[in-house]
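What follows is a set of notes on a single structure, which appears directly below.
The values are calculated or read from the model by the stated rules, or taken from the named source; none is laboratory data. The structure presented is a predicted model; accordingly, all values stated were derived computationally and were not measured. Here the Cβ is made from the backbone with ideal geometry for all residues, glycine too, and neighbour counts use every protein chain on show. The accessibility values were calculated without ligands, DNA or RNA, using every heavy atom of the protein model including side chains. Shrake-Rupley method; radii C 1.70, N 1.55, O 1.52, S 1.80 Å.
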Amino acid sequence: MKLWGGRFEGGPSEVFDRFGRSLHFDKELIDVDLRGSIAHAKGLHKIGILSADEMARLTAALEAMRTECRAADFFGNSEEEDVHTVVIRKLKERVGADLADKIHTGRSRNDQVSLDVRLWLRERIDDARRLLVQLLEELLKLAARYPDALIPGYTHTRRAQPVLWPHYILSFFEMFARDHERLLDARRRVNVMPLGSGALAGSGFPIDRQAVAEELGFDSVTRNSMDVSGDRDFLLDFEHAANLIMLHLSRLAEDWILYTGEEYRWMDLGDGVTSGSSMMPQKRNPDSLELIRGKAGRVFGTYMALLVTMKGLPTTYNRDMQEDKEPLFDAVNQLLSSLEMARVVVETAVLKPEVPRRAAEESWAVATDLADALARNGMPFHQAHKVVGRLVLESVRAGKHARDWTAAELCAFDASFKPEMAPLLDPREGLATREIRGGTGPQAVATALKEAFERLQSMRRP
Ligand code: ARG
């Protein structure tokens, strides 16, 4: 069965028929397509195109299909072009062709597919938000489990300055909190009702678009039918949010792949999220994190695919746009499964606080604290930097750690050092000088952690 064909003498070639079909992937939209059609039937009744009885028969059949479509064999070996066509064929079987044929009054597949994808994506965005909040909750619990743990912060993968463990974890909280805002923002632009736009010129029937929008839970209605026909910006807005989540997940994964490895050794992951090697009996590999990192690349590909599909299209609908669905569905699936996987990894994560603390102590991570102390005492910072640089060089030559220096030795090394600066050779001392908002001072971090728990509560609100 086809939704067009009257003006054709011959049917499509077998190759084109196969080539153009989208049912094998757009069947994902079956439930939203049915819901959209129910709302449209009500809209048609309101303007007298369908009698009350006709509307009731149509909506009952469509509702019944919402249940039936959950059965594995619902689509059987349907040969239809797309999901919208299958729905019409099945509707004809249930209510007769004359009534079923009325459902498409004042509607095009162009506004219908926009409606379907918006409904579908709105719900997937809510799924992503829920999973993101669950991940954030686990991250905050992990931060709170080791409130005082000291780790070396790295730049260029080199030990840089000591920071508190919760400060490090909260850096990811900030990234994911921004992602949550981006999801909400994308949702706002997805949640606009396009039906009534027709193919490109607006529906020829005075459908109460506001009522249809309310029926389907949309915030508002679109303002220009030509825009709707060719618009996939709302997918790209979502893609951007999804891609940044994947980017952040991937960077967390990368960190932890390093930190749990033999060269760092300061975190552990549970057996449940690691796997072994078929050949090397000793291996315990962080495959869950590597897969998250790998899937990030895959999701970025879907974003690029959508951008490139859209970039050269002339105004309004072009069939190229059918190619939006597979990348979108793939991005959504990979995003949701990665968020879930990340949460489970975080649940199993164990910090071995003495190892990173020792790493912070045995490096010269306190060098900046010492230079700051000299600067606080009146020395221009660049000069202070140079003095401490010489101290580090001397220590490297002599094989000394920071804590090996006594106050007297420090002052003897350079007269600008004062005995009261010596405690800063202990990395924990320097933390207290960073009680600035956003810094790693213990008070600042405790406050930030408390605020993060509160912010998480507000993210749970619908
Ligand atoms: N299957 C199409 C898509 O996913 C929707 C149908 C519109 N087709 C058309 N020839 N105007 O974009």
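Is at least one residue of the stretch 117-134 more than 28 Å from residue 59 (Cα to Cα), out of contact with any Leu (no Cβ under 7 Å at 6 or more places or on another chain) and open to solvent by 40 Å² or more (accessible area, probe 1.4 Å)?
Yes, the conditions are met somewhere in the stretch 117-134.
Take the residues of the stretch 303-317 that are within 16 Å of the ligand (Cβ to nearest atom) and under 17 Å from residue 243 (Cα atoms): which is least open to solvent (accessible area, probe 1.4 Å)?
Among those that are within 16 Å of the ligand (Cβ to nearest atom) and under 17 Å from residue 243 (Cα atoms), it is 306.
State whether one or more residues within the stretch 66-81 are within 12 Å of the ligand (Cβ to nearest atom), in contact (Cβ under 8 Å) with a residue 60 or more places away in the chain and outside any loop (DSSP other than H, G, I, E, B).
Step one: list which residues in the stretch 66-81 are within 12 Å of the ligand (Cβ to nearest atom), which gives 80-81.
Now restrict to residues that are in contact (Cβ under 8 Å) with a residue 60 or more places away in the chain: 80-81.
Among the residues that remain, those that are also outside any loop (DSSP other than H, G, I, E, B) are: none.
No: the stretch 66-81 contains no residue that is within 12 Å of the ligand (Cβ to nearest atom), in contact (Cβ under 8 Å) with a residue 60 or more places away in the chain and outside any loop (DSSP other than H, G, I, E, B).
Which number in (1) without any contact (Cβ under 8 Å) to a residue 24 or more places away in the chain; (2) farther than 30 Å from residue 293 by Cβ; (3) in a helix (DSSP H, G or I) marks the one condition that residue 392 misses?
(1)
Can you say whether residue 211 is in contact (Cβ under 8 Å) with a residue 12 or more places away in the chain, within 30 Å of residue 309 (Cα to Cα) and either of a type in the set (Gly, Ala, Ser) or outside any loop (DSSP other than H, G, I, E, B) (or both), as far as the supplied structure shows?
On the way: in contact (Cβ under 8 Å) with a residue 12 or more places away in the chain: yes; within 30 Å of residue 309 (Cα to Cα): no; either of a type in the set (Gly, Ala, Ser) or outside any loop (DSSP other than H, G, I, E, B) (or both): yes.
It is false that residue 211 is in contact (Cβ under 8 Å) with a residue 12 or more places away in the chain, within 30 Å of residue 309 (Cα to Cα) and either of a type in the set (Gly, Ala, Ser) or outside any loop (DSSP other than H, G, I, E, B) (or both).
Sort out which residues of the stretch 1-43 are in a loop (DSSP other than H, G, I, E, B), farther than 25 Å from residue 205 by Cα and either more than 13 Å from the ligand (Cβ to nearest atom) or open to solvent by 90 Å² or more (accessible area, probe 1.4 Å) (or both), and write them in order of number.
Within the stretch 1-43, 1, 8, 9, 10, 11, 13 meet the criteria.
Of all residues in the stretch 419-457, which are under 31 Å from the mean Cα position of the chain (by Cα), open to solvent by less than 50 Å² (accessible area, probe 1.4 Å) and not aliphatic (A, V, I, L, M)?
439, 440, 441
Counting only residues that are surrounded by 15 or more Cβ atoms within 10 Å (Cβ to Cβ) and part of a helix (DSSP H, G or I), how many does the stretch 252-279 have?
Counting residues in the stretch 252-279 that are surrounded by 15 or more Cβ atoms within 10 Å (Cβ to Cβ) and part of a helix (DSSP H, G or I) gives 9.
Can you name the condition, by its number, that residue 78 falls short on among (1) surrounded by 12 or more Cβ atoms within 10 Å (Cβ to Cβ); (2) at pLDDT 95 or above?
(2)
Taking the condition open to solvent by 10 Å² or more (accessible area, probe 1.4 Å), of a type in the set (Asp, Glu), touching an Asp or Glu at 6+ places or on another chain (Cβ under 8 Å) and closer than 29 Å to residue 121 by Cβ, does residue 233 pass?
no
When residue 89 is evaluated against the numbered criteria (1) in contact (Cβ under 8 Å) with a residue 60 or more places away in the chain; (2) surrounded by fewer than 19 Cβ atoms within 10 Å (Cβ to Cβ); (3) away from the ligand (no atom under 16 Å from the Cβ), which criterion, by number, is the only one it fails?
Failing condition for residue 89: (3).
Which of (1) open to solvent by less than 20 Å² (accessible area, probe 1.4 Å); (2) within 16 Å of the ligand (Cβ to nearest atom) does residue 345 not meet, given it meets every other one?
The one condition residue 345 does not meet is (2).
Out of 189, 223, report the one residue that is surrounded by fewer than 22 Cβ atoms within 10 Å (Cβ to Cβ) and part of a loop (DSSP other than H, G, I, E, B).
Details: 189 fails: part of a loop (DSSP other than H, G, I, E, B).
Result: 223 is the single residue among 189, 223 that is surrounded by fewer than 22 Cβ atoms within 10 Å (Cβ to Cβ) and part of a loop (DSSP other than H, G, I, E, B).
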